[in-house]
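*Asks:* Sharing a structure here in C-alpha cells format.
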Amino acid sequence: MFHKHPNYHFKKRNTTDDYKFCVVHSLLENEIKVLFDSQRKLGSKYATEEFENEILDVFRWQLPFASGDAIISKVGYCTFEEKEKRAPKNSYTSERFTLLERINKLSWDINGQSFRVNDEQRPKLIDKALNKLDVTYKDIRKLLALDENARFKGLDYIKRSKSKNSESSENSESIDCEKAKYLSLKGYHEMRKLCEKAGLWDTYKDDADALDNLAYVLTFYKTEEDIKNKLTEFGFPDPIIKEAIESNGFTKSANLSIKAMRKIIPFLEEGLVYSEACKEAGYHHSHLWKNNERSLKLPVIDTSDLTNPVVIRALTQARKVVNAIIDKYGSPYQINNELYNQPNFINLFISILITLSSNSSFNLITLSSNSSFNSFTFN
C-alpha cells in the first residue's frame, strides 16, 4: 500500500516525468484475478470464470494508436508560413534554431557594463551544446573564461536563509544559481545515440535533412509498421529502422515550420536576435494572427513549452472563464490587469470573478483598486 511506503509521507502526487505512485498494469490485472478467486472460494455464484474473463477483456482493451497521418492532421500551421505544418520540436533544424536564438540573447553584466556573445564565442557555445546534453550557466562561464565579477542576466544571485534564532532572513550572494541549465539539444543527442547504436552516426551527423526526417518520423509516427514504412520511404537502412522502433520517440512540435526556420537561421548565425533575424528574413515576429486580425475570444493556448501542470491548468482555466464572460456579456472594451503580491490573492481573484459573473450590466472587466496592486491597462 502506498500509504505504508516511507516516501509517501513526503510526496503523495505524481509530477511531470516522475510517476512513482502509479500502479503497473500487471498488478491491477492480478488484483482482479485475486478478487474473483476469493469470491469463488466464499461461494459467490456470480464470480464465474466466464464473467472474470469478460471483465479482464474489458480491462485489457486499449485505444489503438493513431496513425501518423491522423497525428499530423492535428498539427498546427507555421506562424509565418501559413501553408506549412509546424516542425517537430526535436528536429535538427528546430533545435539549432532555438540554440542560436538562446545564444544570441544571452547577456551578462560586469561592474554595471553589459556584454553579449560575440562572433568568436558563438561557435564555442554551439560546439559545447553539440557535445554535452545539458549546458549550464556554470559551463558557459568556464568555457568563455568570464570575469569572476560577471553576473548573468535573469539569474537570482541572492541566497536567502532564515536565522535560527529569529524569523528574519539573512541574504548573501551565491553563484549556485549558475548550475541551472541554459542550453540543451535533447533531440540531437537522442538521434546521435540511435545512430551510434546502428553504427551509422558518421553517415548522418552532418546531414540536416536526414536528421530532420528522422525526427519527423519519431515525432509523428508511433506504431512499428508506420515507423518502418516511413523511414523506408525516406531511404533509411534497416539498422536505423530497428533502433528507431525501439526508441521512445518525441512528442512535441515547434511554432514554426522547417521552411521558416531555415530562412531565419542564417541571420541568427550572424548574431542577430530573433526579432531582427525575422525582419531580415522577411517576417514580422509580432504578427501572430492570420491576416493580422485578432479573434473575438482568446485562442487555444500553446502549452508546448510549458512543463508545469499547475501553470498549464491555471492558464487554460483562465481562458475558459474569460471566453465564457465574453459569450455572456460581449467583448470588453478595456481590461485592467492587476498584479498582487499577497499569498491570498487567488481567493480575492475568485471572489472578483464571482462578483463580475453576477453583474449582468458590466461591459468593463476591471479588478478593484488596491494599494498593494501594481496596475497596468490594455485597451
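*Asks:* What aspartates and glutamates could a cross-link reach from Lys74, if we take a straight Cα to Cα line under 15 Å and drop same-chain neighbours fewer than 8 places away?
*Replies:* Glu82, Glu84, Asp302
*Asks:* What is the list of residues in region 227-260 whose amide nitrogen lies under 15 Å from a point 7 angstrom out from the Cα of Val300, following Cα to Cβ?
*Replies:* Within reach of a label on Val300: 252-255.
*Asks:* Can you give the Rg and Dmax of region 102-164 based on its C-alpha atoms, in angstrom?
*Replies:* Here Rg and the maximum Cα pair distance are 13.7, 49 Å.
*Asks:* Convert each backbone phi in region 223-235 into a coupling constant with the Karplus relation 6.51 cos²θ - 1.76 cosθ + 1.60 (shift: θ = phi - 60°), then list the ³J(HN,Hα) values in order as whole Hz, x for Gly and Pro.
*Replies:* Along region 223-235, the couplings run 8, 4, 5, 5, 4, 4, 5, 6, 5, 5, 4, 7, x Hz.
*Asks:* Follow-up question, since we're still on this one. Once you order the gyration tensor axes a ≥ b ≥ c over the Cα atoms, which shape class does region 17-105 get: rounded for a/c under 1.5, otherwise prolate or oblate by comparing a/b with b/c?
*Replies:* Since a/c reaches 1.5 and a/b is larger than b/c, the shape of region 17-105 is classed as prolate.
*Asks:* Moving on to the next point. Could you pull out the pairs from Lys12/Lys132; Lys11/Lys252; Lys193/Lys228; Lys85/Lys153; Lys128/Lys259; Lys89/Lys142 whose alpha carbons sit more than 24 Å apart here?
*Replies:* Cα-Cα > 24 Å for Lys12/Lys132; Lys11/Lys252; Lys85/Lys153; Lys128/Lys259; Lys89/Lys142; rest within.
*Asks:* Whole-Hz Karplus ³J(HN,Hα) for region 96-108, in order, using 6.51 cos²θ - 1.76 cosθ + 1.60 and θ = phi - 60°, x for Gly and Pro?
*Replies:* Here the 3J(HN,Hα) series is 5, 4, 5, 4, 5, 4, 5, 5, 5, 9, 5, 8, 8 Hz.
*Asks:* Another question, then. How big is the equivalent ellipsoid of region 1-150 along its three axes, where each semi-axis is √(5λ) from the Cα gyration tensor, reported in whole Å from largest to smallest?
*Replies:* 55, 26, 11
*Asks:* Could you derive backbone 3J(HN,Hα) for region 126-133 from the dihedral phi with the Karplus parameters 6.51, -1.76 and 1.60 (θ = phi - 60°), listing whole Hz in sequence and x where the residue is Gly or Pro?
*Replies:* 4, 4, 4, 5, 6, 10, 9, 4
The numbers here are math on the coordinates, done by the rules we state, and not lab data. Keep in mind that what you see is a predicted model, and the values were worked out from it rather than measured. Backbone-built Cβ (ideal geometry, glycine too); neighbour counts: all protein chains shown.
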